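Some notes on the structure that comes next.
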Amino acid sequence: MSEQLIEMQDNAGVVRLTINRPQALNALNSEVIAGLETVLVELEARDDLRAVLITGAGEKSFVAGADIAEMKDQTPEQARAFAGQALRTIKRLETLPVPVVALVNGFCLGGGCELALACDWAVASDNAVFGQPEVLLGVIPGFGGTQRLPRRVGPAMALDLVTTGRKIDAQEALSIGLVNRVMSQAELEDYVGELTRQLGGNGPQAVRGAKQAVHDGMDQDLDSALALETSLFALCFAGEEQQEGMSAFVEKRKPNF
Ligand code: CAA
């Protein structure tokens, strides 16, 4: 039942996930979050996975936040459990071994912005609206926003957004580094198609290694992180991909990964 709220399309290991609750602007209730977690557990186990795209159904909204109607009468214990379920699920998305791209088509608020912050890439339509408006509802961000937002845009801008609750447009989101690219809705699909073709066409183990080096290294001091990079770099030479990639260069042909 809950899986129907998450649509999955697979094109040769490039998986597109669509949060499918447009009547509530794809707000994250516990059923949507459970459906997303089920799909992510499936994806974690796939060796053929090359990239993941996540978006919201319809052209109006990526995700307009956690479900306010569901949260309204929660006790502190229920709120803790709800946030825990979401945090665990968002962490699964973040730690998928392949690049994860948020395709932000409209409202990206509260829990939606927190979901996008866990993605490696965010590509936004020019009508997208971002924000952490929780303080306007008498709460603080609970799906990771107070922690991932300052890590992405710096503490000053994060504090601006989480304490005012103000909404920003796609251009401002681009200027503060919250998203990688902004374009019209009409251009979005072609761009994302090209991006995933590019990600899917590169050496899959190298792409996974590059993501692992950046993610794991960010939590370490520089010397430890550089040692991690060296280990992962050396590991590339233990597989066939490096031979194929470098042979193809020398032989002036395209590599076949
Ligand atoms: N939760 C539940 N339902 C939501 C929702 C949300 N976050 N956002 C929108 N909806 C529902 C509306 O209730 C409405 O349902 P009905 O048709 O049954 O009334 C439907 O989606 C369409 O929404 P609107 O009629 O409000 O659409 P609009 O175009 O006039 O406004 C909007 C769009 C500005 C995004 C507005 O819906 C809005 O402000 N939504 C709430 C945004 C928000 O505050 N998000 C943060 C939530 S708290 C959070 O996420 C906490 C956390 O960190 C864990």
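Restricting to the range 57-74, name every residue that is open to solvent by less than 50 Å² (accessible area, probe 1.4 Å) and near the ligand (Cβ under 7 Å from one of its atoms). S61, A64, G65, A66, D67 - these are the residues of the range 57-74 that are open to solvent by less than 50 Å² (accessible area, probe 1.4 Å) and near the ligand (Cβ under 7 Å from one of its atoms).
Listed by first and then second residue, the pairs linking a residue in the range 229-254 that is farther than 18 Å from G201 by Cβ to a residue that is part of a helix (DSSP H, G or I) and open to solvent by 60 Å² or more (accessible area, probe 1.4 Å), with Cβ atoms under 8 Å apart and 6 or more places separating them unless they lie on different chains, are L232/Q212.
Residue check: G203 meets all listed conditions (1) open to solvent by less than 30 Å² (accessible area, probe 1.4 Å); (2) more than 16 Å from V98 (Cα to Cα); (3) touching a Gly at 6+ places or on another chain (Cβ under 6 Å) but one, namely (2).
With respect to the conditions (1) free of Cβ contacts under 8 Å to residues at least 12 places away in the same chain; (2) surrounded by 14 or more Cβ atoms within 10 Å (Cβ to Cβ), E37 falls short on a single one, namely (1). Note on the range 84-121: residues that are open to solvent by less than 10 Å² (accessible area, probe 1.4 Å), out of contact with any Leu (no Cβ under 8 Å at 6 or more places or on another chain) and either more than 16 Å from the ligand (Cβ to nearest atom) or free of Cβ contacts under 8 Å to residues at least 12 places away in the same chain (or both) total 0.
Going by what's in this entry, would G165 be described as under 16 Å from the mean Cα position of the chain (by Cα) and under 25 Å from A27 (Cα atoms)? Answer is no for this residue. Checking each residue of the range 162-174 against the condition of being within 16 Å of the ligand (Cβ to nearest atom), open to solvent by 40 Å² or more (accessible area, probe 1.4 Å) and touching a residue at least 40 places away in the same chain (Cβ under 8 Å) gives at least one match.
The values are calculated or read from the model by the stated rules, or taken from the named source; none is laboratory data. Computed from a prediction, not measured in an experiment: that's the story for all the values here. Glycine also receives a Cβ, built like all others from the backbone with ideal geometry; neighbour counts cover every protein chain displayed. Remember, those area values only see protein heavy atoms, side chains included, never the ligands or the DNA or RNA. Shrake-Rupley method; radii C 1.70, N 1.55, O 1.52, S 1.80 Å.
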